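The values are calculated or read from the model by the stated rules, or taken from the named source; none is laboratory data. Just so it is clear, the structure is predicted and the values come from calculations on it, not from any experiment. Don't worry about glycine lacking a Cβ; one is built from the backbone with ideal geometry, like all the others, and counts go over all protein chains shown. Note: accessible area is taken over every heavy atom of the protein model, side chains too, but ligands, DNA and RNA are not part of it. Shrake-Rupley method; radii C 1.70, N 1.55, O 1.52, S 1.80 Å.
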Amino acid sequence: MQRLSGIIRKILFTLLFLILPTLAVAQDGLHITGIDLPEEGSKAAEAHVSVYFSLRSKQTPVTGITSDNCTLQIDASPVEIVKAEVKQFTDGERGVGVLFVIPIAKNYSEESFGIRSALDGLVKNLNRPVDMLNVVTYDTNAVAVGWSRASESALSQAINNMQNSEVLEPNLFMSFQPALTALQSLQNVSQKYLVFVSDAEGAIVGDRDKANKLIGQFTDELKKSNIMPIVIAYSPDGKEAMMNYTLLQRMANNVGGAFYMAEAPDRFQQVIQRDVQNYIFGQYIYEATLNMDGNHYLEPNKYNVDFIVKTSNSEDKVKYKITWPELSKNRMWLWLTIIGIVLVGGIAAAVIVISRRNNEEEDIIDEGPQEVCCSTCGKTIPQQLYGFNGEFCLSGGLPDCPYYKMPDRGKIQITRGPMADTTFFIKKDMTTIGSYAENDIYLADKSVSRKHAAIKADEGMRYEIRDFGSSNGVYINNEKIERKFLRDGDLIRFGTVETVFKLK
């Protein structure tokens, strides 16, 4: 029975290891590693969004991505893009944290393995100040060297100063906790990578089941902390010397990381200095300016972002849930409207003031002597009529007035006020009445509109008076009217000016 269970276990392990390589490929594709959103409270006229993403095929970054390949949607709705561009990840301001785990066993001679020299070459290529580097040498007492900026030479010096331990088969699992603790403590980086270099000879610890359990626990912690493993199975003695490489492969597959097999020193150099660097930095930044007219996406709620990248070989789509910041509403249109109204109102007010001043200037009467008398009847002419060029009479149209003998169609006589007894004659088919001096009947009073009313005479000698939309109206015999035919003796009031209509 024990022998049968052992055979079944071997079959299961064999099937598992056959499936694992395909799982590694399945983790390729489009991944969003982060999104930069507008700052809280910023104006919402245009929102600037940066999508950090990677697109890989068989762990190799897809090249040649432009903004024409990319589509951004929010809650499955297309977003109006004002402008967009795709930049290389290394052109951005986000940094990464990379921790290397390497063996320093007694039999890992630098002359044979060349691990430290290859790693030192990679570290010297990583020179961005925003990137942070660290290393853990797994041994009985595995300890992280410490974080330093990639642009500094601290890690390179630490690698060159390392001494091999006296252990022949170092325990890989001793490095798990120091590496995890160091990466979890790292702040202010957008992505964290754990680069393992091992032939896994010391990974069995006498019990394969225990090794699988430890790897499962470790990779669960990597997922929780959002740490991406990059595992390199390496031995200068070839693949047959790496009997336990499938354990290393599982470390990568469980988290969706990268796994590289390096069976010889030249392949290891290639993986370290090309593949690992491309895997970490072969990413993109899709920078887009969104048109926010209409105050879209202002609520500080969660939105689903759909990011789509189309290439000649595939169409990749990934969803990413974000918390949209609370933005200030786009009030530009309101301010422009208010400014427009103020400007138009100011111009209109200026025009009115200038017009009124001109009218006042027109209405200004040169007082001249204290009294001006009519040369015909000798009566004093009211000051309001000084300068009026129209026809009027102060004697009520009596025979001593030269206008009396002239043909007319009736007359309007003021009966009350400073212009009382002044008579205006109706001699046109349309006689205008108002406080503007150009009218035929000039009523110089503030209660009278400039174009107050008019009297129309027809061939049948009928007289119809019409209100021109005056402020204070037209009243006939104390009845407000819009238009009405006049009769001899009708009392007509324009504002507060009282008159009487008379026929000859």
Exercise for review: Along Cα→Cβ, 7 Å out, is where each label goes; now give me the distance between the ones at residue 106 and residue 374 in nm to one decimal.
Suggested key: 14.2 nm
Check your understanding: Whose amide H sits under 5 Å from the amide H of residue 191, counting only residues 5 or more places off or on another chain, with H placed in the peptide plane?
Key -> 97
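What value in Å³ per residue do you get for the convex hull of the alpha-carbon atoms in segment 143-225?
Convex hull volume per residue, Cα atoms: 107 Å³.
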Practice item. Report in % the part of the accessible area of segment 74-153 that belongs to carbon and sulfur, leaving out ligands and nucleic acids; probe 1.4 Å. Key: 45 percent
Exercise for review: Take the Cβ-Cβ distance between residue 383 and residue 483 as r, set R0 to 41 Å, and report the resulting FRET efficiency rounded to the nearest 0.05.
Suggested key: 0.80
Exercise for review: Can you sort 499, 181, 311 by 1.4 Å-probe accessible area, starting with the largest?
Suggested key: 181, 311, 499
Check your understanding: Given a Förster distance of 45 angstrom, what is the FRET efficiency for residue 356 paired with residue 291, based on the Cβ-Cβ distance and rounded to 0.05?
Key -> 0.45
Point to revise | segment 68-216, accessible area per residue, ligands and nucleic acids excluded (1.4 Å, Å²) | key: 45 Å²
Revision key, fill the gap. By accessible area (1.4 Å), largest first, 243, 162 order as 243, 162
Check your understanding: Once phi is turned into ³J(HN,Hα) by the Karplus curve 6.51 cos²θ - 1.76 cosθ + 1.60 with θ = phi - 60°, what whole-Hz value does each residue of segment 112-119 show in order, with x for glycine and proline?
Key -> 8, 9, x, 5, 5, 5, 5, 5
Check your understanding: Out of residues 5 or more away from residue 82 or on other chains, whose amide H comes under 5 Å of its own, with H placed 1.01 Å from N in the peptide plane?
Key -> 289, 290, 291
Exercise for review: Calculate the length of the line joining the C-alpha centroid of segment 47-114 to that of segment 406-462, in whole Å.
Suggested key: 90 Å
Study note, to complete from the structure: For residue 87 the rounded accessible area (nearest 10 Å², probe 1.4 Å, non-protein molecules ignored) is 50 Å²
Practice item. Name the long-range amide H neighbours of residue 463: under 5 Å, sequence gap of 5 or more, or other chain; modelled H, no Pro or chain starts. Key: 486
Point to revise | Efficiency of FRET from Cβ geometry, residue 496 and residue 310, R₀ 56 Å, rounded to 0.05 | key: 0.10
Check your understanding: How much of residue 169 can a 1.4 Å solvent probe reach, expressed as accessible area in Å² and rounded to 10?
Key -> 100 Å²
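Report the extension gain between residue 87 and residue 143 in nm, rounded to one decimal, defined as 0.36 nm multiplied by the number of residues separating them, less their alpha carbon distance.
Net length gain for the segment: 16.4 nm.
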Check your understanding: With every protein chain in place, what's the accessible area of residue 255 (1.4 Å probe, Å², nearest 10)?
Key -> 30 Å²
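Need the full-extension length gain, residue 317 to residue 428, defined as separation in residues times 0.36 nm minus the C-alpha distance. One decimal, nm.
The residue 317-residue 428 span can extend by a further 31.4 nm.
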